[in-house]
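The values are calculated or read from the model by the stated rules, or taken from the named source; none is laboratory data. Quick caveat: nothing in here was measured; it's all calculated off a predicted structure. All Cβ positions, even for glycine, are placed from backbone atoms using ideal geometry, and neighbour counts span all protein chains on display.
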Amino acid sequence: MAELLESTMLVCFGLSWPMNLAKNIKAKSARNMSIQFILLIITGYIAGISAKIYNHRFNYVLVVYLLNLVVVSANVIVYFINRRYDRQMQMAAGAVGAGNAAGTDGPVNTAASTVNDAGKAGAVQTTESTPINQSFHNQFQNQGEDEMETYRELNSITEAGGVVLFGSNTFASLPVGELTQAFRITEPIYNRSIKNVRIDQIEGYLKVCLYDLNPRKIFVNMGDVDILDENVDVENFISKYEWLLYMIHTKTQASIYIVPVISNSPAAFRINQRLKELAAQTGCKCIDVSGVLEAKRPTLRLFELLKVHMRNHPINFADAMEVGTLSSRKIEDVPNDGQMSAEPGVKGKPVYVKH
């Protein structure tokens, strides 16, 4: 009987290790792993096995000890593999930072134009890259600084452990206050999105928008500005997105949800395919937002899909019956700031702009 109870104790204690092992493999980061703790557990199992061998008690309890030892030891291997992933990400970050520092000495994507000397006055030749007006770049920086100042003030009255929406224009246009009230959501939800921001500009905003809030869940939606460039480099975008997820993962304890780019453009389709793969590789969850563009009330439909993942408790029957009711209800559309329209510059029925 004593051996049965000891075996039960070992099984109950050991069940947590396979789950922990799977989580560490999926995370691809050693940030939440403690090699000292793992080695301490291994030492304890070796001591228990040695005691069984010393007393010549070769029974099924010894088998349970050995199984637990194998699983715990596998965490040591995963730890060093994840350490290698961390070093690779740090090296990539250093390369990105060096590239950004080298690129700040002059205007961004300045167009080189020359007037034809053959007498064709007015004929201007431009480079193939899309030019970005320097005044617009400065305007974006000023706008971002103003938003950060506002967010710093709001952060002083926020609650830790809330839900944060973090992205660019799509999320920035969501009237979170009205939507949380309409859907009767009691969890604290904060929108820390930045208009017109691209993936390569986002790192400087992470502290104010995410780290200072100590959130429980983070919903990331980037790319709606990047795909405005028809020649967007998808691989480069995904690389920077992976670095963004890594930074969030290492600086917060939050669960990360990737919200795909809501657009019918070919670039968005390619990016979203890669985002699904990236979510599986990094242990994040990619939310299926297909059908949002075709919905009668796309703003409400998008928030419905997000809402299911915002709750602390699992979705119940009442929640399931409620999904889809508000987005199909004949009510006045939530006012917006022009980010949502059937076509650029057209106000009225809110449909996300299809680039």
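Key figures
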read-out: Test result for Ile227, more than 27 Å from Leu154 (Cα to Cα), in contact (Cβ under 8 Å) with a residue 60 or more places away in the chain and hydrophobic (A, V, I, L, M, F, W, C); value: yes
read-out: Residue satisfying condition, being touching an Asp or Glu at 6+ places or on another chain (Cβ under 8 Å) and either among the aromatic types (Phe, Trp, Tyr) or modelled with pLDDT under 95 (or both), within set Asn214, Asn236, Asn155; value: Asn155
read-out: Residue in the range 289-300 that is crowded, with 21+ Cβ neighbours inside 10 Å, within 18 Å of the chain's Cα centre (by Cα) and either in contact (Cβ under 8 Å) with a residue 12 or more places away in the chain or not in a loop (DSSP other than H, G, I, E, B) (or both) present; value: no
read-out: Hits in the range 150-176 (condition: out of contact with any strand residue (DSSP E or B) (no Cβ under 6 Å at 6 or more places or on another chain) and not in a loop (DSSP other than H, G, I, E, B)); value: Thr150, Tyr151, Arg152, Glu153, Leu154, Asn155, Asn169, Ala172
read-out: Within the range 177-193, considering residues that are touching a residue at least 12 places away in the same chain (Cβ under 8 Å) and touching a strand residue (DSSP E or B) at 6+ places or on another chain (Cβ under 8 Å), the one nearest to Val225 (Cα to Cα); value: Ser193
read-out: Selection from the range 55-81 of residues that are of a type in the set (Val, Ile, Thr) and either touching a helix residue (DSSP H, G or I) at 6+ places or on another chain (Cβ under 8 Å) or over 28 Å from Gln281 (Cβ atoms) (or both); value: Val61, Val63, Val64, Val71, Val72, Val76, Val78
read-out: Members of the range 200-234 found to be in a helix (DSSP H, G or I) and among the polar types (S, T, N, Q), listed by number; value: Gln201
read-out: Selection status of Ile227, outside the structural domain of Lys23 (by TED's automatic domain parsing) and within 28 Å of Glu178 (Cβ to Cβ); value: yes
read-out: Which numbered condition Leu179 misses (of (1) at pLDDT below 90; (2) part of a helix (DSSP H, G or I); (3) hydrophobic (A, V, I, L, M, F, W, C)); value: (1)
read-out: Ser193, sole failed condition from (1) part of a helix (DSSP H, G or I); (2) touching a Phe, Trp or Tyr at 6+ places or on another chain (Cβ under 9 Å); value: (1)
read-out: Condition met for Glu242 (surrounded by fewer than 21 Cβ atoms within 10 Å (Cβ to Cβ), in a loop (DSSP other than H, G, I, E, B), modelled with pLDDT under 95 and in the same structural domain as Leu179 (by TED's automatic domain parsing)); value: no
read-out: Residue within the range 343-350 that is under 23 Å from Ile189 (Cβ atoms), at pLDDT below 90 and either assigned by TED's automatic domain parsing to the domain that holds Ala27 or more than 17 Å from the chain's Cα centre (by Cα) (or both) present; value: yes
read-out: In the range 184-224, the residues that are of a type in the set (A, V, I, L, M) and crowded, with 20+ Cβ neighbours inside 10 Å; value: Ile189, Ile194, Val197, Ile199, Ile202, Leu210, Leu213, Ile218, Val220, Met222
read-out: Out of Gln281, Gln273, sole residue that is more than 29 Å from Leu213 (Cα to Cα) and part of a helix (DSSP H, G or I); value: Gln273
read-out: Matching option when the condition is part of a helix (DSSP H, G or I), in contact (Cβ under 8 Å) with a residue 60 or more places away in the chain and in contact with a helix residue (DSSP H, G or I) (Cβ under 9 Å, 6 or more places away or on another chain), among Lys26, Lys52; value: Lys26
read-out: Val78 at pLDDT 80 or above and either surrounded by fewer than 12 Cβ atoms within 10 Å (Cβ to Cβ) or under 14 Å from Ile42 (Cα atoms) (or both); value: no
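Condition check ((1) within 18 Å of Ile25 (Cα to Cα); (2) surrounded by 12 or more Cβ atoms within 10 Å (Cβ to Cβ); (3) of a type in the set (Val, Ile, Thr); (4) within 34 Å of the chain's Cα centre (by Cα)) across all residues:
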residue: Ile41; (1), (2), (3), (4): no, yes, yes, yes
residue: Gly44; (1), (2), (3), (4): no, yes, no, no
residue: Ala47; (1), (2), (3), (4): no, no, no, no
residue: Asn55; (1), (2), (3), (4): no, no, no, no
residue: Asn59; (1), (2), (3), (4): no, no, no, no
residue: Val64; (1), (2), (3), (4): no, yes, yes, no
residue: Val71; (1), (2), (3), (4): yes, yes, yes, yes
